[in-house]
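S.K.: Sharing a structure here in structure tokens format.
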Amino acid sequence: MADYREKARERVKKRCKVCPVCNGKACAGQIPGMGGTGSGMSFQNNLTALAAWRILPRYLHKADNPDTSVELWGQRLSLPVLAAPIGNVVANVGSDMPTEKYTALLIRGCREARTIAAFGDTPQIDPVIKNFAEVGDNGAMTIPFFKPWAPEDLVSRLDMAAGHGCVACGVDVDAAGFPAFRQASRTYGVRSGRDIEKLVGMAHARGMKFIVKGIMALSDARIAVDCGVDSLIVSNHGGRSIDCTPGTAEVLPVIADAVGDRILIMADGGVRTGVDVLRMLALGARLTLVCRPVAVALHGDEENGVRLYFEDLQRELVDAMRLTGCTNVASIDREVLCRA
Ligand SMILES: Cc1cc2nc3c(=O)[nH]c(=O)nc-3n(C[C@H](O)[C@H](O)[C@H](O)COP(=O)(O)O)c2cc1C
């Protein structure tokens, strides 16, 4: 890990300092780049909000060999963590590889680690086509996240996802303000409940589940549920959408308590360790996603770096579950947490 972090630092030095803890301080305001928008507080709040939940250890139990595996829509994953989507790695990560090469390595590394690779969208369709070429015929372990284009503008992207065998696709609704996309189409932007209903119908008609990514407000979560969305991701886009939001771990329990029995909830933002995964699951997420540290791992040792990263995270999660008395991921609940 130390070796690959050094190598990654060389490869992404234009945009990312590969800090000892990826917390949004050194890169505050750097977009394009890896930072959070504006003051960088939305990114930093993700880590602060997670840290505010302390772990309550339990040692007197039988959970000595916890099982971290989880099932998602017919796929068995080795751990409840997915690689989050990332768009335009050249501009954002300062990468020396084109986005489709990044996607190819991410998919390979995630397959080896037995988890799902998500990938992002671009203003032009060509890079999206190239990304799908890397997915090949068996997209069962990849989930594309498209930007909030008008539903009729998403037809070809959804067709591609279904054609490549993806079990699910999503839209990151929190990208509504992104200038490059707004310039590409006049109908790009915030989506109504009616739009979301249409998108759910379009995905289901093609045999895919539909995910809405970027939910922070309970009212949005309720709309997603009412529209028949299969899963929502509590996310603030890694702090890149709007400045000064709460950390996701602040709003997750509110959303999970209100609608967690009606929709599959995932969450991301600042997850760095196995203990953080435990925290997100205890707060009501069934799965979590990690973005920036995966990008660093990939630049450190390509698909091998991705596999190593997830193996490390899994080991940490096993330790965290063992020392809090959780035999499997379904048994992780709020009993393992206490407030700082
Ligand atoms: C450079 C960069 C690019 C991103 N691009 C996308 C994207 O194209 N689509 C998307 O849904 N989320 C995108 N995200 C957000 C991540 O998928 C994820 O929600 C967030 O970064 C998680 O926080 P973390 O980086 O602290 O793990 C991006 C994040 C970063 C840092």
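S.K.: Whether any residue in the range 269-278 is modelled with pLDDT of 95 or more, assigned to a helix (DSSP H, G or I), within 15 Å of the ligand (Cβ to nearest atom) and of a type in the set (Val, Ile, Thr) is what I want to check.
M.R.: yes
S.K.: List the number of the failed condition for Asp67; all other conditions in (1) within 16 Å of the ligand (Cβ to nearest atom); (2) closer than 30 Å to Gly325 by Cα hold.
M.R.: (1)
S.K.: Just checking, does the range 47-55 include any residue being touching a helix residue (DSSP H, G or I) at 6+ places or on another chain (Cβ under 6 Å) and under 20 Å from Arg307 (Cβ atoms)?
M.R.: no
S.K.: Would you mention how many residues in the range 279-312 are within 15 Å of the ligand (Cβ to nearest atom), of a type outside the set (D, E, K, R) and part of a helix (DSSP H, G or I)?
M.R.: Residues meeting the conditions: 11.
S.K.: On to the next question. Gln75: away from the ligand (no atom under 11 Å from the Cβ), on the phi < 0 side of the Ramachandran plot, surrounded by fewer than 23 Cβ atoms within 10 Å (Cβ to Cβ) and at pLDDT below 95, yes or no?
M.R.: It is false that Gln75 is away from the ligand (no atom under 11 Å from the Cβ), on the phi < 0 side of the Ramachandran plot, surrounded by fewer than 23 Cβ atoms within 10 Å (Cβ to Cβ) and at pLDDT below 95.
S.K.: Tell me, please, whether a residue that is in contact (Cβ under 8 Å) with a residue 60 or more places away in the chain, crowded, with 16+ Cβ neighbours inside 10 Å and assigned to a helix (DSSP H, G or I) can be found in the range 11-30.
M.R.: Yes, the range 11-30 contains a residue that is in contact (Cβ under 8 Å) with a residue 60 or more places away in the chain, crowded, with 16+ Cβ neighbours inside 10 Å and assigned to a helix (DSSP H, G or I).
S.K.: Which members of the range 80-93 meet the condition of being more than 10 Å from the ligand (Cβ to nearest atom) and surrounded by fewer than 24 Cβ atoms within 10 Å (Cβ to Cβ)?
M.R.: Answer for the range 80-93, where residues must be more than 10 Å from the ligand (Cβ to nearest atom) and surrounded by fewer than 24 Cβ atoms within 10 Å (Cβ to Cβ): just Val90.
S.K.: Provide a single number: the residues in the range 265-282 that are free of Cβ contacts under 8 Å to residues at least 60 places away in the same chain and closer than 16 Å to Lys213 by Cβ.
M.R.: Taking the range 265-282 first, the residues free of Cβ contacts under 8 Å to residues at least 60 places away in the same chain are 265, 267, 273-274.
Those still in the list that are closer than 16 Å to Lys213 by Cβ too: 265, 267.
Matching residues across the range 265-282 total 2.
S.K.: Cβ-Cβ distance below 9 Å, separation of 6 or more or different chains: which pairs start in the range 219-248 with a residue that is in contact (Cβ under 8 Å) with a residue 40 or more places away in the chain and farther than 22 Å from Ala49 by Cβ and end on one that is away from the ligand (no atom under 13 Å from the Cβ) and in a helix (DSSP H, G or I)?
M.R.: Asp230/Val200; Asp230/Ala203; Asp230/His204
The values are calculated or read from the model by the stated rules, or taken from the named source; none is laboratory data. This is a predicted model, so every value here is computed, not measured. Methodologically, a virtual Cβ is constructed for each residue, glycine included, from the backbone with ideal geometry; neighbour enumeration extends over all protein chains shown.
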